[in-house]
1. How high is the relative contact order of the chain, given as a whole-number percent (alpha carbon pairs under 8 Å, six or more residues apart)?
2. Taking neighbour Cβ counts within 10 Å as the exposure measure, how do His37, His161 sort from fewest upward?
3. Cα-based Rg (one decimal) and Dmax (whole number) for the chain, in Å?
4. Using 0.36 nm per residue, how much length does the chain from Gln124 to Leu30 gain when fully extended, once their Cα-Cα distance is taken away?
5. Please tell me the relative contact order of region 10-99 in percent, rounded to the nearest whole number, where contacts are Cα pairs under 8 Å and at least six residues apart.
6. Compute the normalised compactness of region 14-96: alpha-carbon radius of gyration over 2.2 N^0.38 Å, N being the residue count.
7. Highest mean first, what order results for 115-125, 60-70 on Cβ atoms within 10 Å?
8. Gaussian network model of the chain, Cα springs within a sub-10 Å range: biggest mean-square fluctuation belongs to which of Lys104, Lys134, Lys20?
Amino acid sequence: MKKIRMARGVTFTFEEGCNKYLENCRQRNLREGTIGHYRQSYTQFYKYFDPKMSIEDIDEQIYKDYVLHLKSTLDNDVSINSYLRDLITTLHFFMNEGWLPHFKMQAIKVDKSHIETYSENELQLLLKKPNIKKCSFTEYQSWVMTNFLFSTGVRQRSLMHIQIKNLDFDNNVVYVNVTKNRKPLIVPLTLG
């Protein structure tokens, strides 16, 4: 197997490298929400990493120091892992481009916690149909959207892109064309 060599004379700052990764995300046609998520993570990175530091200065020890920095400044392990995953993805891009030698990185272990769900009474209250003659349009709209999200399990973004032509009341299905993984769905509708 051929070894990857560092490109000689090619030096980027951390900020320039991050911008090049965002450009790569656009080339791969990632969603704007994903790109925005990376941009937000980069603002967190720049609190620790000097944006003007050379990519070549990043090594395994700096990564480990950043992990300890996050653990001392954030108290939510899920948030810490989110930032670490974004940094790992960005650094792997740098490594694959030959700007950085390969080194091992991993996220931290996270304790799983019990997710509190709605009680039966809370669900009944939340899903109770409002009096159409007395409620505002916004209240009715919220009730319809809440019921649709609960009964289909689609994401909010998918719901926002559903059009009348996507509803098939003859077969009680809805065609969801905008999804996170870009695979269209046919979701059954429970009417009644």
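Rule-based calculations on the coordinates, nothing more; no lab input. Just so it is clear, the structure is predicted and the values come from calculations on it, not from any experiment. Don't worry about glycine lacking a Cβ; one is built from the backbone with ideal geometry, like all the others, and counts go over all protein chains shown.
1. Numbers: 142 pairs, mean separation 28.8, N = 192.
Contact order relative to length: 15 percent.
2. His161, His37
3. Reported Rg and Dmax, both Å: 23.2, 73.
4. Between Gln124 and Leu30, full extension yields an extra 30.0 nm.
5. Relative contact order comes out at 41 percent.
6. 1.06
7. Working: 115-125: 8.7, 60-70: 14.1.
For the peptides 115-125, 60-70, the packing ranking is 60-70, 115-125.
8. Among Lys104, Lys134, Lys20, the largest mean-square fluctuation in the Gaussian network model of the chain belongs to Lys134.
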